[in-house]
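Engineer: Below are the structure tokens for one structure; questions will follow.
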Amino acid sequence: MNTPAPATICILGGGQLARMMVLAGAPLGVHFQVVDTHADVCAAPLAPVTATRWDDLVTLGRLAAQAQVITFDYENVPAETARWLAGRSHVAPNPHALATAQDRLAEKTLFQKIGLPTAAFRAVNTRAELQQAIADIGAPAILKTRRMGYDGKGQYRLQSPQDADAAWAALGEPAALHGLILESLVAFDQEVSVIAVRNRGGDFRPWPLTRNHHVGGILSMSIAPAAVPDTLVQAAFAHARKLAEALDYVGVFALELFVRGSELLGNEMAPRVHNSGHWTLDGAVTSQFENHIRAILDLPLGDTTARCPSAMFNWIGELPNAAAFLATPDTHWHAYDKAARPGRKVGHATVCAPDQAELQSRLQQLAKRMDLHAKVAPLLT
Ligand code: AMP
């Protein structure tokens, strides 16, 4: 009997998301080839890395020919490159989904088209358009680059119309290149995300809704399942399903939403596994990483049920003391093998518990032992 050759997945981008995909794919017998613009990425100890430019189609074409499927750790791989590769190999998610998620204007326009409300927004390309946009939607507002923004970068908050000059000085140059978007500032009660997976046959599965807390635009902590009414949870899942169907999406994605009273507003989508879904590694029957691999290889999807309530801490800048964290029961440590640097995501850790009350008590314990009060406080009930 012939043993089938192992599948090879080519991942564009070699950060912690690629690293965790490799870790999840190894037991499935999958081989990986990582591509990044730098060789010293944190997936490098676990998979071969080819360093090249995103427009080096000779190298990318050669690697694509050796892989069953190409996927993304880095969502800003140029859409033209993804389109070119899709003409030669299987690319998941598809280049149209990638291109939509790369542009805040296209993304929000699609949200509205599928019936998901958003904050009021206007496209801005010139100083005069900024003035008009402020007149239309008022202040406070946020001016954002349409492309390449992440972790709160490429954003400027306007408290009043008088901040227009400062906002333009901060972001006017990217406007000339890629355009900007002005959004009204949403006074949300909480931020949540749907992490969901869809396969080629259209099987769609969300994980329990996740509540997120950001500090300075960077995800600080997530907790799941989010304590929100079931009607909102079901509405969030329905929006995510429509989005996935509209994009014929294959793989895992995140839909980030603001909760304001009984309303949901779409903020953005990520066309990839997502930081707010990291808790699924320890707290769900199947993790987002494993299900992404299953979806793109057309394997049956795994169960997305939560095994228990979980909270995830992002370690930003440097790793705290692992031993102190792991002294609490059902805690899990994920270091990314990255050098410490301010603002850099260097790892995360999860705490799970049999029920919400015990999770709250473990969070309080950790807050005290590790001086994590500021991180934990917003998520304590
Ligand atoms: P983003 O890059 O769009 O996800 O923005 C990063 C974070 O900034 C979000 O998770 C929110 O905490 C905050 N934010 C972004 N846009 C808005 C908005 N329109 N209203 C209020 N807060 C926002």
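Engineer: Out of 368, 338, report the one residue that is at negative phi and in contact (Cβ under 8 Å) with a residue 24 or more places away in the chain.
Structural biologist: The match here is 338.
Engineer: Restricting to segment 199-225, name every residue that is in contact with a Gly (Cβ under 9 Å, 6 or more places away or on another chain), within 28 Å of residue 185 (Cβ to Cβ) and surrounded by 21 or more Cβ atoms within 10 Å (Cβ to Cβ).
Structural biologist: Of everything in segment 199-225, those that are in contact with a Gly (Cβ under 9 Å, 6 or more places away or on another chain), within 28 Å of residue 185 (Cβ to Cβ) and surrounded by 21 or more Cβ atoms within 10 Å (Cβ to Cβ) turn out to be 210, 222, 224.
Engineer: Conditions: (1) within 14 Å of the ligand (Cβ to nearest atom); (2) open to solvent by 10 Å² or more (accessible area, probe 1.4 Å). Residue 254 meets all but one. Number of the miss?
Structural biologist: The number of the failed condition is (2).
Engineer: Considering only segment 55-65, I want to know if a residue exists there that is crowded, with 22+ Cβ neighbours inside 10 Å, farther than 22 Å from residue 250 by Cβ and either outside the structural domain of residue 302 (by TED's automatic domain parsing) or touching a Lys or Arg at 6+ places or on another chain (Cβ under 9 Å) (or both).
Structural biologist: Among the residues of segment 55-65, not one is crowded, with 22+ Cβ neighbours inside 10 Å, farther than 22 Å from residue 250 by Cβ and either outside the structural domain of residue 302 (by TED's automatic domain parsing) or touching a Lys or Arg at 6+ places or on another chain (Cβ under 9 Å) (or both), which makes the answer no.
Engineer: Out of everything in segment 121-150 that is open to solvent by 40 Å² or more (accessible area, probe 1.4 Å) and among the charged types (D, E, K, R), what residue ends up being farthest from the ligand (Cβ to nearest atom)?
Structural biologist: If we take residues in segment 121-150 being open to solvent by 40 Å² or more (accessible area, probe 1.4 Å) and among the charged types (D, E, K, R), then 127 is farthest from the ligand (Cβ to nearest atom).
Engineer: Considering only residues that are more than 24 Å from residue 284 (Cβ to Cβ) and of a type in the set (D, E, K, R), look in segment 12-54 and name the one that is least open to solvent (accessible area, probe 1.4 Å).
Structural biologist: 36
Engineer: How many residues does segment 198-217 contain that are in contact with a helix residue (DSSP H, G or I) (Cβ under 9 Å, 6 or more places away or on another chain) and part of a strand (DSSP E or B)?
Structural biologist: 9
Engineer: Only one of (1) near the ligand (Cβ under 10 Å from one of its atoms); (2) in contact with a Lys or Arg (Cβ under 7 Å, 6 or more places away or on another chain); (3) β-branched (Val, Ile, Thr) fails for residue 192. Which number is that?
Structural biologist: Residue 192 satisfies every listed condition except (1).
Engineer: While we're on this one: Cβ-Cβ below 6 Å, separation at least six or inter-chain, first residue in segment 228-253 and at positive phi, second among the aliphatic types (A, V, I, L, M): which pairs?
Structural biologist: 251/92; 251/295; 251/296
Engineer: A further question follows. Determine whether residue 153 is open to solvent by 50 Å² or more (accessible area, probe 1.4 Å), assigned to a helix (DSSP H, G or I) and closer than 25 Å to residue 120 by Cβ.
Structural biologist: Taking the combined requirement at face value, the residue does not satisfy it.
Engineer: Within segment 332-378, work out how many residues are touching a Ser or Thr at 6+ places or on another chain (Cβ under 8 Å) and in a strand (DSSP E or B).
Structural biologist: Total meeting the criteria: 6.
Engineer: Next up: If I ask for residues that are at pLDDT 95 or above, over 19 Å from residue 240 (Cβ atoms) and open to solvent by 20 Å² or more (accessible area, probe 1.4 Å), which ones from segment 87-98 would you list?
Structural biologist: Passing the criteria: only 90.
Engineer: Shifting gears a bit: Has segment 74-84 got at least one residue that is open to solvent by less than 40 Å² (accessible area, probe 1.4 Å), in contact with a strand residue (DSSP E or B) (Cβ under 6 Å, 6 or more places away or on another chain), within 16 Å of the ligand (Cβ to nearest atom) and farther than 21 Å from residue 6 by Cα?
Structural biologist: no
Engineer: What tally of residues in segment 336-362 results from selecting those that are surrounded by 15 or more Cβ atoms within 10 Å (Cβ to Cβ) and among the small types (Gly, Ala, Ser)?
Structural biologist: 3
Condition check ((1) in contact with a Leu (Cβ under 9 Å, 6 or more places away or on another chain); (2) closer than 30 Å to residue 122 by Cα) across all residues:
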| site | (1), (2) |
| --- | --- |
| 10 | yes, no |
| 18 | yes, no |
| 24 | yes, no |
| 60 | yes, no |
| 70 | yes, no |
| 79 | yes, yes |
| 91 | yes, no |
| 106 | no, yes |
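Engineer: Sort out which residues of segment 65-113 are assigned to a loop (DSSP other than H, G, I, E, B) and free of Cβ contacts under 8 Å to residues at least 12 places away in the same chain, and write them in order of number.
Structural biologist: 87
Engineer: Conditions first: (1) in contact with a strand residue (DSSP E or B) (Cβ under 7 Å, 6 or more places away or on another chain); (2) at pLDDT 95 or above. Residue 53 passes all but one, so which condition is the exception?
Structural biologist: Evaluating residue 53 over (1) in contact with a strand residue (DSSP E or B) (Cβ under 7 Å, 6 or more places away or on another chain); (2) at pLDDT 95 or above leaves (1) as the failure.
Engineer: Take the residues in segment 363-381 that are at pLDDT 90 or above and crowded, with 20+ Cβ neighbours inside 10 Å; name whichever of them is farthest from residue 311 (Cα to Cα).
Structural biologist: Step by step, filter segment 363-381, then rank; the result is 366.
Engineer: From 283, 277, which residue is open to solvent by less than 10 Å² (accessible area, probe 1.4 Å) and within 12 Å of residue 209 (Cβ to Cβ)?
Structural biologist: Going through 283, 277 in turn, the sole match is 277.
Matching residues to (1) open to solvent by 20 Å² or more (accessible area, probe 1.4 Å); (2) of a type in the set (Val, Ile, Thr); (3) within 24 Å of residue 86 (Cα to Cα):
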position	(1), (2), (3)
260	yes, no, no
296	no, yes, yes
307	yes, no, no
314	no, no, no
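The values are calculated or read from the model by the stated rules, or taken from the named source; none is laboratory data. The shown structure was predicted, so the numbers you read here are calculated from the model rather than taken from an experiment. Cβ sites come from the backbone with ideal geometry, for glycine too, and all protein chains shown count toward neighbours. The protein model used for the area step is the full one, side chains on, heavy atoms only, and it has no ligands, DNA or RNA in it. Shrake-Rupley method; radii C 1.70, N 1.55, O 1.52, S 1.80 Å.
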